[in-house]
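The values are calculated or read from the model by the stated rules, or taken from the named source; none is laboratory data. Remember, it's a predicted structure, so these values are computed and weren't measured experimentally. Glycine also receives a Cβ, built like all others from the backbone with ideal geometry; neighbour counts cover every protein chain displayed. In case anyone asks, the SASA skips ligands and DNA or RNA and just uses the protein heavy atoms, side chains included. Shrake-Rupley method; radii C 1.70, N 1.55, O 1.52, S 1.80 Å.
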Amino acid sequence: MSARRLLILALLIGSPISLAVAALINATSNDFVQAGSQPGDLSDLLFDSFTCFSCHGNFDPDQEPHERWSGSMMANATRDPIFHAALAIANQDVAESGTYCIRCHSPTGFMEGDGTPADGSALAGDDYDGVNCHLCHRMVDPIADPANPAEDAAILAALTDVPTDPHSGQYVLDPFDRRRGPFTLNEPFFWHGWLESPFHQESLMCATCHEVSNPAISRVGGATPAASDTYVLNNLDEEHPTHEKTDQFPIERTYTEWLNSDFAAGPIDMGGRFGGNKQSVSTCQDCHMPDTTGVACAPGLNGTLRSDLPLHDFAGANSWVPEAIYRLDQSNALYGSGEESGVSLSVFRDAIARNISMLQRSCDLELKRQGKKLRVRIINQTGHKLPTGYGEGRRMWINAQFFNKQGVMIQELGAYDNSTAVLTTGDTKVYEIKHGLDATMATATGVPAGESFHFVLNNTIEKDNRIPPRGFTNAAFEAGQAQVVGATYVDGQYWDDTKFDIPANAWTARVTVFHQTTSKEYIDFLKAENTTNTAGDIAYDEWVAGGKSEPVAMQIKDCSLWPNKDVNLMGTVGDIGGTAPAVSVSGGGKQVLLVDLGEQYAGMEYFTVGTASGPAPARATSDLPVPIEFDAYTASTLRGNVPYLHESVGRIDENGRARIRFELPPNAPRSLAGRTLHHAVFVHRAGKILASSDPVAVELAP
């Protein structure tokens, strides 16, 4: 039967029938051998998660480990339709590369020998349990440490190759069913063997699968990685000579990003943004497994009530695949009934909600008018790049909308069409990493040089403008193969600024930072490039059914852009978030107004006007709206008769700044108490008013 007819048949019966397709590079399984545990090493096989459910599930989703884990992408790493679609193309590009992917997406399958053949066709039953309880709780720290269980020494000694810096699925597993965790369990404990393991609270554990390099491609350069290094295909049918990640092509560097951030140096007080009960966070687990108060096992099992109980959320950035897995459980289009998750739709939706919450907490957004520009600042509040992790098809961008006085949108930048899933990229900034092929790899494979979604063929980083974390330095990130490409960040910078031209007649702006899990370009690639099976079609259909990976609004902020607001007037020291600072009538106090216009206003004259009647664009001066109500206090400030207002008239300094001070002495007239004054600054030249500021409030407290 022809390949075309087989494809038609596969579509009709709804299963991913595989076709024999010659790979572009005829590698062997030897090219993808990794250090660590290997199939056949386990005396006790990995149990499925249902074994753990009876004690660690079905009692309270706000405490128990099982339910939250079951809806996560960790639990469903093997059911992920994007994984299956990408797996097919990986094997088309480089023979036998799929087993390398299966190591992390189906650890049970890999350890039981079902990672061969590399197309995943041997995976069945418990192999679809993803990154499950037994996998994580039998992991052994590959770095010898006296704090680790004594049993570890013999386990490491028995390995042919011990990982020195685990990555790319180089896990080490306890051959026996001795379940490890960070806590001491109550004695007597007879439910299962256990060992206390500090490794389970270390980020290095997460690096095992969230730090990814291609072992078939080696770095050519000096002892320390540099941006100028090149990457070449190894001799085929040979293991990578060192198994070290920095000697291979970097695909994901989430752990390295964290390791070279301030978070790795010690806990940072994030005000409870990520850590649950923890105010200060450091490790991956602190943020992605936030602490709660509760017990980890069902009532009656003598569990310890803890205030540092890690919730098994594993929240990330995936906003649509969990619901797709629920639909695939019903249709069995990608896998059979024996591989279904058995998870309810509500659990998957809860997992998506946690992912969206994580995205929304990952950054802050600040807007500021600077002359005729709107400055948009995105502040990365995470311990890694923003965004991070799997780069293909994932992106974050700025959408800016400008409105006129009547509230009609007059311009949109970074527009996204929900019906077509097309993003307009030419007029905004898109944060992403893009890999590609150099000329040598292009010649060897026939795939065009430049940007590419060919995961296992890529050997260049074409773009990486993602926002670095606190503590970023260019040297450290370059040495870890996580350098910035196509953008500039100075050492210590964990934010990014973008300036947009403000269109004429714009009165307000709304800026949204969006994140998308799977772009149209990537899903089209997975569908079109797959000549092996129907996994690409299945992934595409689920993408459509799930809303085409509708972008998530991470942050939204509005900004007033009155035509007169070329002046940026900030409140007093301590005036945060626009709140009105208070000055005591009896005790005295001051408010300092800091005017920051920009150097284009240097040398121009300014004056300060006040009102006791409140702010409002009530009048016009030189065709500009005046942002205050005129009253007797206004007249006094115009005449300079307010003894409490200092430096209210002057010239803008060479840096485009001025400083005005409102100060009450102790025991000022009691009649002032209870009032709220507003002050605005006007800039003029040759008698013509050029700009005015927003009014800033000061409350006169008793």
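Brief remarks on what is shown
- Evaluation of GLY222 against the conditions (1) closer than 30 Å to GLU451 by Cβ; (2) touching a residue at least 24 places away in the same chain (Cβ under 8 Å) shows that the sole unmet condition is (2).
- Count - residues of region 47-57 that are assigned to a loop (DSSP other than H, G, I, E, B) and either over 21 Å from GLY120 (Cβ atoms) or open to solvent by 20 Å² or more (accessible area, probe 1.4 Å) (or both): 3
- Pairs linking a residue in region 441-453 that is more than 21 Å from GLY391 (Cα to Cα) and without any contact (Cβ under 8 Å) to a residue 12 or more places away in the chain to a residue that is open to solvent by less than 70 Å² (accessible area, probe 1.4 Å) and hydrophobic (A, V, I, L, M, F, W, C), with Cβ atoms under 7 Å and 6 or more positions apart or on different chains, do not occur.
- Residue match in region 511-521 (condition: open to solvent by 30 Å² or more (accessible area, probe 1.4 Å) and closer than 29 Å to ALA118 by Cβ): yes
- Looking across region 230-241 at every residue that is in contact with a strand residue (DSSP E or B) (Cβ under 7 Å, 6 or more places away or on another chain) and more than 17 Å from LYS434 (Cα to Cα), the one that is least open to solvent (accessible area, probe 1.4 Å) is identified as HIS240.
- When the test is whether a residue is in a loop (DSSP other than H, G, I, E, B), in contact (Cβ under 8 Å) with a residue 12 or more places away in the chain, buried (at least 22 other Cβ atoms within 10 Å of the Cβ) and not acidic (Asp, Glu), ALA487 does not pass it.
- Scanning region 253-277 for residues that are buried (at least 19 other Cβ atoms within 10 Å of the Cβ) and either within 29 Å of ASN214 (Cβ to Cβ) or of a type in the set (D, E, K, R) (or both) yields a total of 10.
- Count of residues meeting criterion [open to solvent by 20 Å² or more (accessible area, probe 1.4 Å) and in contact with a helix residue (DSSP H, G or I) (Cβ under 9 Å, 6 or more places away or on another chain)] in region 242-251: 1
- Lone qualifier among GLY125, GLY120, GLY109 - being surrounded by fewer than 22 Cβ atoms within 10 Å (Cβ to Cβ), over 23 Å from SER203 (Cα atoms) and not basic (Lys, Arg): GLY125
- Selection within region 434-453 - among the polar types (S, T, N, Q) and closer than 17 Å to VAL485 by Cα: SER452
- Leading residue by the ranking (modelled with the lowest pLDDT) among those in region 369-405 that are farther than 12 Å from ALA506 by Cβ and more than 24 Å from the chain's Cα centre (by Cα): GLY371
- Tabulated pairs, region 269-285, first closer than 19 Å to PRO198 by Cα, second open to solvent by 50 Å² or more (accessible area, probe 1.4 Å) and of a type in the set (Lys, Arg), C-beta under 9 angstrom, 6+ apart or interchain: VAL281/ARG273
- Number of the exception - GLY471 against (1) part of a loop (DSSP other than H, G, I, E, B); (2) open to solvent by 50 Å² or more (accessible area, probe 1.4 Å); (3) farther than 22 Å from VAL321 by Cα; (4) not acidic (Asp, Glu): (2)
- Listed conditions (1) in a strand (DSSP E or B); (2) hydrophobic (A, V, I, L, M, F, W, C); (3) open to solvent by 30 Å² or more (accessible area, probe 1.4 Å) are all met by LEU309, apart from (3).
- Tabulated pairs, region 300-313, first of a type in the set (D, E, K, R), second open to solvent by 70 Å² or more (accessible area, probe 1.4 Å), C-beta under 8 angstrom, 6+ apart or interchain: ARG306/THR293; ASP308/ASN277
- All positions within region 51-77 that are within 19 Å of GLY336 (Cα to Cα) and either among the acidic types (Asp, Glu) or without any contact (Cβ under 8 Å) to a residue 60 or more places away in the chain (or both): ALA77
- Any hit, region 159-180, residues being touching a Phe, Trp or Tyr at 6+ places or on another chain (Cβ under 6 Å), closer than 28 Å to ASP286 by Cα and touching a residue at least 12 places away in the same chain (Cβ under 8 Å): yes
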